[in-house]
1. Being among the acidic types (D, E) and in contact (Cβ under 8 Å) with a residue 40 or more places away in the chain is the requirement here; does E104 meet it?
2. Given (1) modelled with pLDDT under 95; (2) under 30 Å from F98 (Cβ atoms), identify the lone condition not met by A369.
3. Residues in segment 194-203: is at least one closer than 29 Å to G51 by Cβ, touching a His at 6+ places or on another chain (Cβ under 8 Å) and open to solvent by less than 50 Å² (accessible area, probe 1.4 Å)?
4. Against the condition farther than 24 Å from N267 by Cβ and among the basic types (K, R), how does R290 come out, does it pass?
5. Quick one: which residue in F3, F38, F11 is within 15 Å of F161 (Cα to Cα), of a type in the set (F, W, Y) and not in a helix (DSSP H, G or I)?
6. For I333, indicate whether it is part of a helix (DSSP H, G or I) and open to solvent by 60 Å² or more (accessible area, probe 1.4 Å).
7. Which residues, taken from segment 92-128, are hydrophobic (A, V, I, L, M, F, W, C) and within 17 Å of F61 (Cβ to Cβ)?
8. Select from segment 163-178 the residues that are open to solvent by less than 10 Å² (accessible area, probe 1.4 Å) and touching a Lys or Arg at 6+ places or on another chain (Cβ under 9 Å) and list them in ascending order.
Amino acid sequence: MLFNSLTYILFLALVALLYWNVPPRFRVPLLLLASYGFYMSWSPPHGLIYGPLILVDSLYFYGLSVAMVRWPDFKKSLLIFGVTTELLLLAYFKYANFLAQTSEQILRWLHLPAAHQQFDIFLPLAISFTNFVLISYLIDVYRGKETPDPSFVRFATYVAFFPHLIAGPIVRASELLRQFDDNPRFDKARLIQGIHRFCTGFFLKVFIADVIAVYVDTIFGHPGLQAFNTNWIALYGFSVQLFCDFFGYTLMAQGSALILGYTLPENFNAPYFAKNMSEFWQRWHISLSRWLRDYLYIPLGGNRHGKVNTYRNLFITMGLGGLWHGASWNFVIWGLLNGLFLCIYKTAAYFKINRFIPTALAVIITFHAVCLTRVFFRAPTLQEAWHFLGALLNPFHWQTLATPAGSVEDGHAFMAPETALLLVILFFVGHALIRYYRPRLTHPLWQEASIAAAYGIFLYGLITLGGRSSQQFIYFQF
């Protein structure tokens with residue numbers, strides 16, 4: 001049940017209609033049932049396992065949090081036990097095959113006998129995001145920032161709340177669980193704001209991310225079409241696609257929550273206008289960056305104890321952050337490259353080199369550093385990533401695509417490089433104009449016009465889809 005599908009629109013409308021018409025005491029239980037129904041509708045028959053699994057996991061962590069308060073002398077042991085078992089569960093489902101393949105490769109490098117092992121394990125949807133929510137909650141209870149909620153139903157709803165369940169934002173208890181106690185009242189202005197956000201996210205996903213994905217997928221999927229010009233356009237295109245896909249999902253999640261009377265935290269803040277890598281990670285996937293900072297980087301020592309330890313902590317944090325995204329060395333390298341660029345920025349800031357770099361140039365350098373790391377994020381294998389980089393850095397190899405090579409090869413739609421480049425340019429120009437002029441559009445007529453345009457595009461998109469789902473969101477794989 002993708003957000004960008006007619007099925008989800010009908011589901012959300014039904015849940016909202018029931019939610020605002022049942023007695024207040026039944027609203028949270030209704031959200032819990034709706035969230036489990038939403039979760040279990042994915043990937044049958046595995047979806048029937050998803051619900052009980054997240055229920056048992058929620059019950060397990062709720063019991064640990066209650067035990068921490070009841071037996072404070074054992075709370076550190078309970079924390080270590082809870083986090084360890086949860087990470088082992090994640091390791092089994094997500095990393096068992098990766099660890100087996102890595103061990104096999106190491107043994108072969110050492111010229112030792114190695115048996116090929118491939119485990120038939122299904123990956124529960126959104127297990128990584130659920131893990132982050134549960135682990136952060138248990139740590140906050142340990143630190144005294146949270147107390148176990150008297151109602152397990154409210155706690156389970158916080159964990160499984162369907163707008164944020166699949167791909168975030170990674171919501172902390174203080175940001176959502178407490179809202180269940182407030183019993184929100186119907187607010188027409190908040191409803192309109194929620195619909196507006198949802199429509200805007202729908203536009204970003206369906207009319208930008210899915211459109212540019214045609215070119216990006218063709219180039220990354222066909223090494224024979226890769227060249228200096230095609231690869232650079234594909235790399236820019238993927239950055240546009242990833243932003244519109246993930247930001248679009250976030251807006252649709254926030255819009256869904258607002259329609260039901262709840263507020264989810266912001267997850268993006270014009271990241272492509274960041275002037276350095278540190279600022280980029282304060283603007284991109286903000287909830288993940290905060291999580292890594294508060295529950296990994298700072299406990300490791302943060303920027304205390306000297307430069308060497310700071311750089312070590314950055315590499316560990318970003319490397320593990322990369323591994324969290326996927327069981328592949330590509331993601332590990334992507335994370336480590338981000339760690340490297342963060343260290344370079346901190347070194348430049350220490351020697352005050354960045355004072356001599358104009359703001360516009362700093363933004364351009366940061367954006368291209370982000371783009372280069374994403375070669376490893378997007379390429380299917382490490383070998384293909386190196387091949388893509390090789391073509392990217394070879395200005396003497398150009399590709400002229402006079403015919404729709406993509407459709408000739410596999411029957412899929414194809415987009416010419418010129419068209420893809422035009423879309424990329426239009427995106428950045430439009431993004432810059434919106435960022436600059438939106439705060440100045442205070443007249444009610446302009447605001448109403450923007451809302452009307454969003455609704456019109458949304459309705460056109462639904463008619464175009466004809467009830468069919470478009471492409472899945474990129475971050476659903478994590």
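The values are calculated or read from the model by the stated rules, or taken from the named source; none is laboratory data. Here the structure is a predicted model, which means the values were calculated and not measured. Heads up, the Cβs are rebuilt from the backbone with ideal geometry, glycines too, and the neighbour counts pull from every protein chain shown. Please note that ligands, DNA and RNA were not included when accessible areas were found on the heavy atoms of the full protein model with its side chains. Shrake-Rupley method; radii C 1.70, N 1.55, O 1.52, S 1.80 Å.
1. For E104, the condition - among the acidic types (D, E) and in contact (Cβ under 8 Å) with a residue 40 or more places away in the chain - is not met.
2. Of the numbered conditions (1) modelled with pLDDT under 95; (2) under 30 Å from F98 (Cβ atoms), the odd one out for A369 is (1).
3. First, pick out the residues of segment 194-203 that are closer than 29 Å to G51 by Cβ: 194-195, 197-198, 201-202.
So of that shortlist, the ones also touching a His at 6+ places or on another chain (Cβ under 8 Å) come out as none.
Scanning segment 194-203 turns up no residue that is closer than 29 Å to G51 by Cβ, touching a His at 6+ places or on another chain (Cβ under 8 Å) and open to solvent by less than 50 Å² (accessible area, probe 1.4 Å).
4. Considered against the rule, which asks whether it is farther than 24 Å from N267 by Cβ and among the basic types (K, R), R290 comes out as no.
5. After ruling out the rest, the residue left standing is F3.
6. Numbers: part of a helix (DSSP H, G or I): yes; open to solvent by 60 Å² or more (accessible area, probe 1.4 Å): no.
No, not satisfied.
7. First, the residues of segment 92-128 that are hydrophobic (A, V, I, L, M, F, W, C): 93, 96, 98-100, 106-107, 109-110, 112, 114-115, 119, 121-123, 125-127.
Passing the criteria: F93, A126, I127.
8. Applying the first criterion (open to solvent by less than 10 Å² (accessible area, probe 1.4 Å)) to segment 163-178 yields 163-171, 173, 176-177.
Across segment 163-178, the qualifying residues are I170, A173, L177.
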